[in-house]
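In what follows, a structure is listed as structure tokens, so that the remarks can point back to it.
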Amino acid sequence: MKTFLRLTSLVRPWFWWMALAALTAFAATGSGIGLLLTAAWLIAKAALQPPLAALQIGIVGVRFFGIARGVLRYTERLISHNTTFKILASLRLWFYDAVEPLAPARLMQFKSADLLQRIVDDIGSLENIYTRVLAPPVTAILTSILMWFLLGFWSQEAALLLLLFHLLAGIGIPALSAFLSRGNSSGILQEQALQQVLAVDFAMGLGELQLSGNLQSHLERLEAAETEKLRLERKNALSDGMHEALTGLLMNAAVIAVLSAVMPLVESGQTSGIALSIVTLAVMASFEAILPLPASARHLEADIHAGERLFEILDATPEVTAPLSPLTIPTDLTLEARNISFTYPGSFRKALDQVSITIPHGSHTAIVGPSGSGKSTLTSLLMRFWNCSEGELCLGGHNINLFDPEELRRHISLVSQKTYIFATTIRENLLLARPNATEAEISSALEGAGIGHFKSRLNEFTGQHGMQLSGGERQRIAIARAILQDAPIVILDEATANLDPLTEEEINRTMEQFTKGKTLITLTHRLKAMERFDTILLFVKGSIAEQGTHRELINQNGVYSRMNGAGRIPKTS
Ligand code: ADP
Ligand code: MG
């Protein structure tokens, strides 16, 4: 119920449009009843062969209701579809607005295929909340009231009887149908979600599945989800058929019941025989408004389930929020970590433990340490993907929480080991870093990243996830992006780990040139050409073990110097 109320509050801005659509829907159904009513009167009356003039009013009535019904139905469809599409568009934006601040920290727990399903299918299912769930009961109630007055004109008893049948068909059958197919709609959505997750795993991990011999079992799981979905859909179809048959039965029973109430009036001469044909057809026409109600009940279940899935994401509080009045980023970008600690949610181990460092503006620093020692975590905190659990990170003397996170990120170029390449052209992938970059700027960025020959391939498609490029090429595109962005702080997080030693050296030299006067932080687990850094920070298990220049650390004869002998740091954790 709570979910339903929240869902209706989402569509409240279109209340008047929805009300107008419901009214036109009712007017169209009313015209349908009017048409049958006047037609029945006309035919019955004509059978008695009165003078033509006596039929005139019936002819006009048939003409009027016939045209009105068509026009009103068309208008109703126009308004309700227009409203539905407006609702759909705003639901998508609303959902996107809600999801965006959650990335990446709060979205980690959701699978991407599942998120996609929520955006596409769940919102698609909510699209119908007006046309399938909210509107039909309104039209049905109004039609019932109209019929009450109409039949009441002949007989109170007949009006009461019809109301009873309307209630049975409009509430009893939907309740029965909802009971018989309970859980089906949400089950179908669930199976669909599972199917999508499995299908994405199948497409993305096809190679691994084939190599490990798990292809068959994966396909079987996919098939099982499909079979289950089909089974639920069949159950739904059965219940659809049943409620249609029952509603038809009730409609005919209603006709008989109402006729038996009006018949004595005709016999006693209180009303003419023509009334019988009018009443029969009007009763049948009124059921047109009752017929969609069982489907409404089922859509309601699906919508509530979809709503719950959407609200689940919506109700996650973003890890990071922008301050109300953010400070402007200072010109001095000295970075300072004051006793920061950080533990990932659900983890018992501190990824960072009481780290205090100062990285002066314009200095070149290397953060080294075995994998898992917390180097990337420090970057994530600085980029404000997460908030420190303890201590504070400062930029130019101000806590970074005081800046607008987006503005802060614009001042930092991050090249990480895993680069996401969008499935578009190489040019579009580069322009991400600076949308208004000129041709010359793009060229020099490509040169800097060691892929000058890409200049002639700028309009080439990169393939899904950049699959048409090699790992090294993808990485160099990321470096070219960083050069284009031209931010005052550059962080290279194992950025060249996938490259061959020659290329790595070449790129390091370019980056050295490019970052003159900028702050450069290089995170690496391989000790190579360390003399070029002003300071080296050695991380071990989330804490700083040693710090100083390459020379100083070698002379200390500590962990660093022993590791330097090996050329890289052995895994200690
Ligand atoms: P490094 O970059 O030095 O290799 P990380 O900063 O990536 O190390 O990881 C530090 C520790 O935090 C590791 O023990 C790792 O398992 C853990 N960790 C990293 N990312 C996450 C995450 N998203 N959720 C939970 N634990 C994580
Ligand atoms: Mg790392």
* Would you please name the residue that is most open to solvent (accessible area, probe 1.4 Å), looking only at residues in segment 522-558 that are within 16 Å of ligand 2 (Cβ to nearest atom) and of a type in the set (Lys, Arg)? => Lys541
* Please indicate, with yes or no, whether at least one residue in segment 109-123 is touching a Leu at 6+ places or on another chain (Cβ under 6 Å), of a type in the set (A, V, I, L, M) and at pLDDT 85 or above. => yes
* To do: State which residue is nearest to ligand 1 (Cβ to nearest atom) when the search covers only segment 369-379 and only residues that are within 17 Å of Val490 (Cβ to Cβ) and surrounded by 22 or more Cβ atoms within 10 Å (Cβ to Cβ).
  => Lys375
* To do: From Leu382, Leu300, grab the single residue that is more than 10 Å from ligand 1 (Cβ to nearest atom) and more than 25 Å from Asp493 (Cα to Cα).
  => Leu300
* Test: Leu35 is in a helix (DSSP H, G or I) and either more than 39 Å from the chain's Cα centre (by Cα) or under 16 Å from Ile79 (Cβ atoms) (or both) -> yes
* Asked: So which pairs qualify, if the first residue must be in segment 249-274 and farther than 14 Å from Ala169 by Cβ and in the same structural domain as Leu150 (by TED's automatic domain parsing), the second must be part of a helix (DSSP H, G or I) and open to solvent by 70 Å² or more (accessible area, probe 1.4 Å), the Cβ gap must be under 7 Å, and the two must be at least 6 apart or on different chains?
  -> Ala261/Glu157
* Just a yes or no: is a residue in segment 455-469 assigned to a strand (DSSP E or B) and either of a type outside the set (Asp, Glu) or in contact (Cβ under 8 Å) with a residue 40 or more places away in the chain (or both)? -> yes
* Matching residues in segment 494-521 - criterion: being within 16 Å of ligand 2 (Cβ to nearest atom), modelled with pLDDT under 95 and over 18 Å from Gly452 (Cβ atoms) -> Glu494, Ala495, Ala497, Asn498
* Structure fact -> Within segment 332-349, of all residues that are within 16 Å of ligand 2 (Cβ to nearest atom) and not in a strand (DSSP E or B), the one surrounded by the most Cβ atoms within 10 Å (Cβ to Cβ) is Tyr344
* Can you find even one residue in segment 497-517 that is out of contact with any helix residue (DSSP H, G or I) (no Cβ under 7 Å at 6 or more places or on another chain), surrounded by fewer than 19 Cβ atoms within 10 Å (Cβ to Cβ) and closer than 18 Å to Lys418 by Cβ? -> yes
* Asked: So His364 clears everything in (1) within 16 Å of ligand 2 (Cβ to nearest atom); (2) open to solvent by less than 20 Å² (accessible area, probe 1.4 Å) except one condition, right? Which one?
  -> (1)
* Asked: Any idea how many residues of segment 392-423 are away from ligand 1 (no atom under 16 Å from the Cβ) and assigned to a strand (DSSP E or B)?
  -> 8
* Take the residues in segment 10-32 that are within 18 Å of Pro137 (Cα to Cα) and open to solvent by 50 Å² or more (accessible area, probe 1.4 Å), then tell me which one is farthest from the chain's Cα centre (by Cα). => Leu23
* **Among (1) open to solvent by less than 30 Å² (accessible area, probe 1.4 Å); (2) in contact with a Ser or Thr (Cβ under 8 Å, 6 or more places away or on another chain); (3) within 30 Å of Leu276 (Cα to Cα), the one test that Trp41 misses** => (1)
* Identify the single condition in (1) closer than 30 Å to Leu310 by Cα; (2) open to solvent by 40 Å² or more (accessible area, probe 1.4 Å) that Gln195 does not satisfy, given that it satisfies every other one. => (2)
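The values are calculated or read from the model by the stated rules, or taken from the named source; none is laboratory data. None of the values given here were measured: they were computed from a predicted structure. Ideal geometry is used to build each Cβ from the backbone, glycine not excepted, and the neighbour counts take in all protein chains shown. The protein model used for the area step is the full one, side chains on, heavy atoms only, and it has no ligands, DNA or RNA in it. Shrake-Rupley method; radii C 1.70, N 1.55, O 1.52, S 1.80 Å.
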